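Take a look at the structure set out below.
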Protein chains: 2
Amino acid sequence: MGFGLNRLERQALLHQAIEENPFVTDEQLAAQFSVSVATIRLDRQMLAIPEARERIRRLAEGLQDSVRALEADEVVGTLSELSLNHFAVSTFTVERIHVFSRTEVARGHFLFAQINSLATALIDAKIALTARSELRFYRPVFLQDTVTAKVEVIAQRGRVSKCKAVSYVHDNLVLGGFIWMLANPLAITERFQSAAWVTLDEEDMF
Amino acid sequence: MGFGLNRLERQALLHQAIEENPFVTDEQLAAQFSVSVATIRLDRQMLAIPEARERIRRLAEGLQDSVRALEADEVVGTLSELSLNHFAVSTFTVERIHVFSRTEVARGHFLFAQINSLATALIDAKIALTARSELRFYRPVFLQDTVTAKVEVIAQRGRVSKCKAVSYVHDNLVLGGFIWMLANPLAITERFQSAAWVTLDEEDMF
DNA sequence: GTTAGTCTTAGCACCAGGTACTAAGTGCCG
DNA sequence: CGGCACTTAGTACCTGGTGCTAAGACTAAC
């Protein structure tokens, strides 16, 4: 592989190879292209491609960022309005990872996740968990669409808040229904001992 | 910070510190805990914590894996049984990214995602979309728990399948309810022109 | 053919962030 | 006081690099 290439050809392929597998070392690349390690290093320098350890570190940092973003925001989508215990609005742009590759239609659970995150942020409590949901999915959402969701508290009984949820793409209703949130469930750390949670029955779900 | 600790205290905090920031080097840790680099190395060895470069590499590899998994699978969780148009079972182990960091309780939308993915896989059609859901969340699920979900077609009218959905951790009911799936929606590519989809009304939702 | 220029290579010193091991403290406990 | 757990310093070695210089190979122009 990679014999009889001139410098420009090799550099183009080099770029590609590193993109494909960022974990590859200069030594492996040298073997792959039948040149010396020194040549690979010069090529990398010309192409401004960082060394393997740096490439790996950047990958890992990207991951770190996304994990942190998820932890920090607690919201899928970007929160644009928030009035605690009243209503909240977020927008969410559908990316490649959210769609069925064949049809470019967003998977339903991402639409649910937006609503669910929004409802979690809306409840003014240290901890808020989803207790129930009733949702209708009216229209498919496509790659690149921006979905605007609004969740609104419409009733509250004890620790349970009933919220009305809707989401739109432009003026087209995408999803609508209700989601019930439970604030500060007792004894959350006593795994599956949390009686207060389990005993919520239909009566509590107004 | 970190003065006057004995070995066990220091090792516990060390574990925590590295988990929080996997990019930290032994030198930084040594400074943080006011001990020598050698001590940190011995501690890491005892705790079987790999070196910084290895930690970073694993993070980066995990990222690659997870991106691929999401693109490849189409299913959140691992499909363990599938009888098309009849029932399907999957398991899903709750990881760090799925939980609220404070409480280590899984976010509701991941539980939904498991059910939704399973229902999508279950319907024997080129394309299947979520049309409606009614779910109760009975118990919180924690980090490291393995959730087993079953979705079962209980009725079918035209292109709509009504499915019963449940998920458990061991024998504890976590989530239960119904999800309606729409098979082969017409004109899916005509964005928001898909009349057949929008005109589904309550009548169709048996 | 010679010469100039480009491209490639080898060799060397140096670096961070380690591993693996030995030897020498240090502090506390009975 | 001895003995043991713990900590530290020091050494040699490792990988996957950087940065530099000097030398060789090839080509193209004169």
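The values are calculated or read from the model by the stated rules, or taken from the named source; none is laboratory data. Given the structure is predicted, the values throughout are model-derived calculations rather than measurements. Heads up, the Cβs are rebuilt from the backbone with ideal geometry, glycines too, and the neighbour counts pull from every protein chain shown. Only protein heavy atoms, including side chains, enter the accessible area calculation; ligands, DNA and RNA are left aside. Shrake-Rupley method; radii C 1.70, N 1.55, O 1.52, S 1.80 Å.
Compute the relative contact order of the stretch A:7-68 as a whole-number percentage, counting only Cα pairs closer than 8 Å that sit 6 or more residues apart in sequence.
Details: 28 pairs, mean separation 20.1, N = 62.
It rounds to 32 percent for the stretch A:7-68.
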So if I take the centroid of the Cα atoms in the stretch A:10-43 and the same for the stretch B:116-184, what is the distance between those two points in Å?
47 Å
For the stretch B:119-125, take each phi angle, set θ = phi - 60°, evaluate the Karplus expression 6.51 cos²θ - 1.76 cosθ + 1.60, and give the result in whole Hz per residue in order, putting x for glycine and proline.
5, 5, 5, 5, 6, 7, 8
For A:Ile127, distant residues with modelled amide H under 5 Å away:
A:Asn184
Length-normalised contact order of the stretch B:114-187, Cα under 8 Å, at least 6 apart, in percent, tallies to 40 percent
With each pseudo-label sitting 7 Å past Cα toward Cβ, what's the A:Phe23-B:Leu8 distance in nm, one decimal?
3.8 nm
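What is the calculated FRET efficiency for B:Leu82 to A:Leu143, with r their C-beta to C-beta distance and R₀ = 25 Å, to the nearest 0.05?
On the way: r = 27 Å, r/R0 = 1.09.
Once rounded, the FRET efficiency stands at 0.40.
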Cβ-Cβ cut-off under 14 Å around A:Thr39, Lys and Arg +1, Asp and Glu -1: the net charge is 0
Of all trypsin sites (Lys or Arg not before Pro) in the stretch A:90-175, the ones in DSSP coil with at most 11 other Cβ atoms within 10 Å are A:Arg102, A:Lys126
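What does the buried accessible surface come to for B and A, summed over both chains, with the probe at 1.4 Å? Round to 100 Å².
Values: alone 13000 and 12930 Å², together 20280 Å².
Result for this pair: about 5700 Å² buried.
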Label-point gap, in nm, between B:His170 and B:Gln45 - each point 7 angstrom along Cα→Cβ:
3.9 nm
Interface call, the stretch B:84-122: threshold 40 Å², probe 1.4 Å, accessible heavy-atom surface of protein chains, chain by itself vs complex, result B:Ile97, B:Phe100, B:Ser101, B:Arg102, B:Thr103, B:Arg107, B:His109, B:Phe112
Distances in nm from A:Ala31 to the matching label points in the other copies, shortest first (labels 7 Å along Cα to Cβ)
3.8
